[in-house]
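Please treat every number below as a calculation from the coordinates, not as lab data. Every value quoted in this text rests on a predicted model; they were computed, and no experiment measured them. Every residue, glycine among them, receives a Cβ derived from its backbone with ideal geometry; neighbour counts consider all protein chains shown.
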Amino acid sequence: MTPLTTSPRPAGSRHRQVAAPVAPGSGALRPLGLDDVSIAGGFWAARQRLNHDAIVPHIASWLERTGWLANFDAVAAGTVAATRRGREFSDSEVYKLLEAMAWEIGRTGDEALETHLDAIVARVAAAQHADGYLNTRFGNPGQPARYSQLDWGHELYCYGHLFQAAVARLRTGHRDRLVDVAVRAADHVCAVFGPDGIQGVCGHPEIEPALVELYRATGDERYLAQARLLLDRRGHHTLPDIEFGRGYFQDDVPILEATDLRGHAVRALYLSAGAVDAAVEQDDPALADAVEGQYLRALERRTYLTGGMGSHHQDEAFGDDYELPPDRAYCETCAGVASVMVAWRLLLRTADLRYADVIERTLYNVVAASPREDGKAFFYTNPLQQRVAAQETDPDAVSPRAHAQLRAPWFDVSCCPPNVARTLAQLATYVATASDDGVQLLQFVEGEVTAQLGDGATVRLAVTTRYPDDGLVAVRVVEAPDRPWDLTLRIPAWATGATVEDGGKVAAAHAPGHVVSGLAAGDVVVLRLPLEPRWTHPDPRIDAVRGTVAVERGPLVLCAESVDLPDGVALETLCVDPMLPPQPDGDGAVVEGSSVRFAEPDRTPYGAPPIPREVRSVECRLVPYHRWANRGPSAMRVWLPTT
Ligand SMILES: [Zn+2]
């Protein structure tokens with residue numbers, strides 16, 4: 001790994017700069033950067049390689065192909081009104097690609113990628129107006145006026161992604177042209193949307209966490225104040241009452257008064273992330289606690305087994321409590337990314353390790369599910385049941401529908417692929433944290449962790465594991481201070497029977513964390529997590545899956561795919577016997593059950609109790625959900641009816 005030069009503390013900033021997307025000024029835990037944590041092998045290293053080698057180049061090529069990058073050239077040439085292509089928010093996909101590239105450059109030191117990034121930034125910069133305004137859909141000759149459509153225009157949303165890309169550059173040691181463009185745009189936003197400016201908010205939150213992070217990275221207090229102003233303005237009906245209601249934009253009730261996450265899931269979660277950020281910087285526990293309460297309720301009542309959020313297709317929204325239909329699950333990939341963003345901020349603030357469980361579940365079962373094995377097609381929605389095998393997607397066609405039933409190379413609304421790319425590129429920053437007196441190992445990956453304790457003492461750990469293929473995680477202390485310090489190992493909630501071996505002593509380890517103290521250089525601690533496949537039962541209030549069970553193995557949700565069923569057995573006829581434990585099978589499991597065919601009812605599907613006509617014993621192999629549909633189109637289900 002190429003060492004990166006972390007930016008110095010900017011003048012006026014009290015924030016320690018760390019090569020990570022989130023660097024709060026205070027909190028129970030401190031994040032570590034890309035230069036502090038390496039992912040050397042295993043599940044996530046393979047996906048980081050895929051990101052660098054396939055996903056990022058794929059996204060860059062589609063941004064050229066669709067003309068979304070050329071829109072910036074057309075602004076500079078004065079021709080954009082006649083030639084512009086893409087939806088109103090397409091600029092944001094360019095910025096998310098830049099963010100992904102920036103973290104990839106920070107991670108790998110790839111000079112060719114740096115050259116590519118510079119070339120894209122030059123095109124973006126050429127489209128910026130003298131006063132900092134930057135957008136290819138509004139405000140240029142022949143186009144609708146700036147900020148004339150705050151509800152659907154996404155101008156501030158696009159700035160948010162621009163700022164996050166700039167933060168990635170600053171945090172990886174580059175104060176470059178991208179940063180200058182972002183700072184000019186942020187200054188413009190403060191001038192136009194400040195206390196005496198436009199009294200409105202963007203229909204799509206996103207600028208809020210980005211402004212706070214730009215404040216943390218530059219020390220400019222105006223950005224924090226502007227973020228807070230936008231957060232406080234939301235919920236006061238400045239946006240129109242649309243067919244889905246103002247709750248769609250979270251403009252129905254102020255954040256402090258809301259009890260639930262509601263409306264468009266990605267919007268609700270980005271807003272929550274920004275509110276936690278502002279609350280931490282302004283020492284406003286009431287605001288942070290309000291968001292935490294809403295998020296916890298969503299985890300209890302409005303979250304799928306995979307960690308996915310969003311039950312409605314029509315408005316990409318959260319449903320009511322326990323409204324979690326598996327076949328109509330929306331679970332947008334971006335909502336998974338956004339949930340990780342919220343959970344991570346709450347974890348840093350509170351040190352509640354259960355948020356790292358949420359992050360693990362969501363990363364393995366939503367984020368990892370999106371890209372196809374070759375990194376050239378993506379799921380936008382992540383349903384837990386596919387009734388009929390989908391049509392193959394055309395590798396050269398843009399999918400017009402977000403809910404393509406198979407991974408598609410690109411979408412009309414293509415927010416998800418670059419969101420996956422930036423998340424995979426910054427993944428090392430979610431592996432571990434530091435506190436004054438210890439290090440917390442949150443995710444189990446092969447690699448190294450280096451952390452500074454409160455007094456500046458260094459702890460260096462080498463982690464060896466094949467997780468999640470194997471439950472053994474060996475942590476060797478490479479460097480440690482002479483004084484007492486704690487190593488905390490996260491113990492996932494599902495890990496009943498986990499043990500920790502330390503100096504020959506084996507102790508039971510319980511969720512959410514196990515602390516080992518007094519370790520010295522050369523010591524090895526071995527965590528053993530039970531990865532036997534297990535049955536998981538749904539809360540009976542989730543009507544749509546009552547009478548079914550699922551199988552999980554460690555952090556992985558498993559699913560049945562039609563391609564694994566014996567000849568002549570349809571997935572819809574499969575029932576399983578939860579009295580028989582699922583048997584391990586590679587990274588999946590095998591379950592026993594029956595294929596039950598019922599007599600065809602007369603005309604309507606309703607009437608007398610159905611009569612089984614043909615019952616056949618079957619063994620069914622289950623595979624990790626994240627791998628489904630990698631062997632071609634298939635029917636799939638996570639929740640299996642019981643015999
Ligand atoms: Zn998306």
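Figures for the structure shown
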quantity	calculated
Hz values of 3J(HN,Hα) by residue in the stretch 264-273 - Karplus curve (6.51, -1.76, 1.60), Gly and Pro given as x	3, 5, 5, 4, 4, 7, 4, 4, 4, 4
The stretch 175-239 - Kirkwood radius from inverse mean 1/r over Cα pairs (Å)	12.1
Over the stretch 340-491: Rg over Rh, Cα atoms, Kirkwood Rh	1.09
Gain upon complete extension [S26, A457; 0.36 nm per residue less C-alpha separation]	153.3 nm
Under-5 Å amide H pairs with A390, H placed in peptide plane, nonlocal only	S634
Cα-Cα pairs of the stretch 24-80 separated by more than 15 Å (percent)	70
Calculated from backbone phi, Karplus (6.51, -1.76, 1.60) coupling profile of the stretch 593-610 in Hz, x at Gly/Pro	x, 9, 9, 10, 9, 9, 4, 5, x, 6, 6, 9, x, 10, x, 5, x, x
Rel. contact order, % - alpha carbon contacts under 8 angstrom, at least six apart, the chain	13
Global geometry of the stretch 520-643, whether rounded, prolate or oblate, following the gyration tensor of its Cα atoms and the 1.5 cut on a/c	prolate
Cα pair distances exceeding 34 angstrom across the chain, given as percent	43
Alpha-carbon centroid distance for the pair the stretch 499-550 / the stretch 380-441, whole angstrom	27
Farthest toward positive dipole pole in the stretch 284-430 [+1 Lys/Arg, -1 Asp/Glu at C-beta], among M309, Y364, A377	Y364
Length-normalised contact order of the stretch 416-551 in % [C-alpha pairs under 8 Å, at least 6 apart]	19
Cα convex hull of the stretch 546-603 - mean projected area over all directions, nm²	5.6
Amide H partners (placed H, <5 Å) of C559, local residues excluded	V623, Y625
Highest-first arrangement of 622-631, 290-299, where packing means the average Cβ count within 10 Å	622-631, 290-299
Computed Kirkwood radius, in angstrom, where 1/r is averaged over Cα pairs of the stretch 62-136	12.9
Cut-off under 5 Å, modelled amide H: who pairs with A521 long-range	A480
Förster radius 41 Å - calculated FRET efficiency between D321 and L580, Cβ distance, rounded to 0.05	0.80
Residue-by-residue Karplus 3J(HN,Hα) for the stretch 432-443, coefficients 6.51, -1.76, 1.60, Hz, glycine and proline x	8, 9, 10, 10, 4, 10, x, 10, 10, 8, 9, 10
Label-reachable residues, the stretch 129-148, where backbone N falls under 14 Å from a point 7 Å from A81's Cα toward its Cβ	137-146
